[in-house]
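Structure first, commentary second.
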Amino acid sequence: MAAVQLDGNKGGKKSVDTEIALIPFIDLLLCCVMFLLVTAAWSHMARIDTATRGGTPDADTSVSPPSISLQVAGTGTIIESGDGHREVIAAQDGQQDVTALRTVFRRYATLGLRNRAVLVSPDDDIEYAVVIEAMDAALGEGFSGLSVTDSVL
C-alpha cells in the first residue's frame with residue numbers, strides 16, 4: 001500500500017495521515033486498457049477497404065488479374081469483368097434488382113472469376129443501403145476482395 005504522511009500532529013488535532021488503496025486503482029486501469037484493446041479490434045474488423053484509380057509510385061508491379069468493376073447508379077448497376085464481360089442491370093421502380101445482380105455474380109463465379117478484386121463505385125446520390133446490398137450480393141456468391149472506390153469506373 002502507498003501512504004501519504006504529513007508532518008506530525010500539532011495541537012492535538014486528528015491525524016491527516018492516510019493510505020491510498022492502489023489495488024482498486026490498478027484494477028480500474030486494467031479494465032480501461034482491456035476496453036480500449038477490444039474496441040480497437042472491433043473497429044479493425046468493421047472496416048471497408050477503399051481504393052483509388054491509378055496507383056502510387058510504390059505500388060506493386062506484379063501482374064494480377066483485372067478487377068471486376070461494379071458501378072452502382074440511380075438508373076441501375078453496371079458490372080464489368082475486365083476481360084470483355086459487361087452486364088447492365090436496370091433499376092426497377094427506383095429499386096436495385098438484387099436477384100439479377102446475384103445471378104451475374106453467380107455466372108462470374110462459374111467462369112472462375114472469384115479470385116478477382118471487386119471495386120465498388122457508387123454514384124454520389126446513392127443511398128448507403130443500396131451500396132451494401134450490391135456488396136452483399138458479391139459476398140454471397142463468394143467474392144471476398146471488395147473495395148469501395150470514389151471514382152467512376
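Annotations
- Applied to the stretch 106-122, the Karplus parametrisation 6.51 cos²θ - 1.76 cosθ + 1.60 on θ = phi - 60° returns per-residue 3J(HN,Hα) values of 5, 5, 4, 5, 5, 7, x, 9, 5, 7, 8, 6, 10, 9, 8, 10, x Hz, with x for Gly and Pro.
- From most to least packed by mean Cβ count within 10 Å, the peptides 22-32, 98-108 give 98-108, 22-32.
- Rounded to the nearest 20 debye, the dipole size of the stretch 66-149 about its Cα centre is 520 debye, using +1 on the Cβ of Lys and Arg and -1 on the Cβ of Asp and Glu.
- A cut-off of 5 Å between modelled amide H atoms, ignoring neighbours fewer than 5 places along the same chain, links Gly82 with Ser69.
Throughout, read-outs are computed from the coordinates displayed, never taken from laboratory work. No experiment lies behind these values; they were computed from the predicted model shown. Quick reminder, even Gly has a Cβ in these numbers, built from the backbone with ideal geometry, and neighbours come from all protein chains shown.
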